[in-house]
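In what follows, a single structure is set out as structure tokens and then discussed.
The values are calculated or read from the model by the stated rules, or taken from the named source; none is laboratory data. Just so we're clear, the structure is a prediction, and the values are computed from it rather than from any experiment. Positions of Cβ are backbone-derived with ideal geometry, glycine not excepted, and every protein chain shown enters the neighbour counts. Ligands, DNA and RNA are excluded from the accessible area calculation, which covers all protein heavy atoms including side chains. Shrake-Rupley method; radii C 1.70, N 1.55, O 1.52, S 1.80 Å.
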Amino acid sequence: MVRPQIGQGVVVEVPATTANIGPGFDCLGAALALGNRFELRVIEGGGERFELIIEGPEGAHLRGGPDNLVYRSAQRVWREVGLEAVAVEARVQLAVPPARGLGSSATAIVAGLIGANALVGEPLSREKLLELAIDIEGHPDNVVPSLLGGLCLTARAASHRWRVVRCEWNPAVKAVVAIPTIRLSTSEARRAMPRSIPISDAVMNLGALTLLLQGLRTGNGDLIADGMHDRIHEPYRWGLIQGGRAVREAALEAGAWGCVISGAGPSLLALAPDSCAEAVGEAMTRSWQGEGVSSHSAVLGIQEGGSTWAPLVEGSRPEAIVGDQSNSAE
């Protein structure tokens, strides 16, 4: 382990995520075939210098500086291994729109952790990076699948360890994501929730989560339909999403098994068979357009590999991960 040199760099690719999937509040999430690409390069300057360059139509409001989430995550790694922080430039190909419920902040955290660890020879294990990511984010539902890929159920065990269970997602089940131009911060979505819930609601969610996971494993649409119901967070959040309930109904009428809020929203996630997945996305964007909200949709696969990194090679600029299909309504 050595201090990284000026000019040294890495490329980190991190998938977007959809969290909760209805009843799995703060514990269930899946990595999607959509992602951000981060080029991290050591530059001249002190440990408080962090330069941010955003490539893409979103993210113009994001800023560099020592408080940036990518850099704060990198600093956690360096503190953990006993190294002083270094100045860094990050060039980000941003395909995951911020504040839309698709794990944008998780991609920043994971990129900072993996990139900083790679720059100093990977002294920290992936398990340790996972622990740091959860600590920074405050909950595991986005950062765990963002780091590991696939469908992940994460729980804090009685031993106080974080336990991650990789669950199966049948390829016959398509994820249809509808992404509006409106934004909703996670903090605002959390403030809308009550401090306590009835026991009956908690029991209902436990049963729904069991049905959902079995449906996702087998591709059984009836189980998915009965499993995509929540009483912990969604009843309090639908009112924050302009036109959200109408979009959900449009997805169901077009053949989706279920439609839920992706993460904290405002993006919506529908699960559907391949035969009608594209029609579901089109119906969702049309419905939002009728509510006066521009949006676009994508039929996405599940990204199984998780985050990856490679040394930065000048002149090599592969495209960021993108979705399979896309529909839009402006």
- Item | So Gly64, is it touching a residue at least 24 places away in the same chain (Cβ under 8 Å) and either under 28 Å from Val177 (Cα atoms) or polar (S, T, N, Q) (or both) | no
- List, please: which pairs have Cβ atoms under 8 Å, are six or more places apart or on different chains, and start with a residue in segment 256-279 that is farther than 14 Å from Lys174 by Cα and end with one that is of a type in the set (S, T, N, Q) and open to solvent by 10 Å² or more (accessible area, probe 1.4 Å)? Gly263/Asn142; Gly263/Thr186; Ala264/Ser185; Ala264/Thr186; Pro266/Gln242
- Query: Does Gly82 satisfy the condition of being of a type in the set (Gly, Ala, Ser) and open to solvent by 10 Å² or more (accessible area, probe 1.4 Å)?
  - Reply: yes
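Could you check segment 1-39 and list, in sequence order, the residues that are of a type in the set (A, V, I, L, M), closer than 30 Å to Asp201 by Cα and either open to solvent by 40 Å² or more (accessible area, probe 1.4 Å) or part of a loop (DSSP other than H, G, I, E, B) (or both)? Even if it seems obvious, please write down each step before you answer.
Taking segment 1-39 and keeping what is of a type in the set (A, V, I, L, M), we get 1-2, 6, 10-12, 14, 16, 19, 21, 28, 30-34.
Narrowing further to those that are closer than 30 Å to Asp201 by Cα: 16, 19, 21, 28, 30-32.
Across segment 1-39, the qualifying residue is only Ile21.
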- Message: Against the conditions (1) among the acidic types (Asp, Glu); (2) open to solvent by less than 50 Å² (accessible area, probe 1.4 Å); (3) without any contact (Cβ under 8 Å) to a residue 24 or more places away in the chain, where does Asp226 fall short? Just the number, please.
- Response: (2)
- Query: Just to be sure, is Val14 at pLDDT 95 or above and under 17 Å from the mean Cα position of the chain (by Cα)?
  - Reply: yes
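Any idea which residue in segment 40-59 is modelled with the highest pLDDT, counting only those that are part of a loop (DSSP other than H, G, I, E, B) and open to solvent by less than 30 Å² (accessible area, probe 1.4 Å)? It would help to see each step written out before you state the result.
Step one: list which residues in segment 40-59 are part of a loop (DSSP other than H, G, I, E, B), which gives 43-49, 56-59.
If we keep only those that are open to solvent by less than 30 Å² (accessible area, probe 1.4 Å) as well, we get 43, 47, 59.
Working: Ile43: 95, Gly47: 83, Gly59: 73.
My answer is Ile43.
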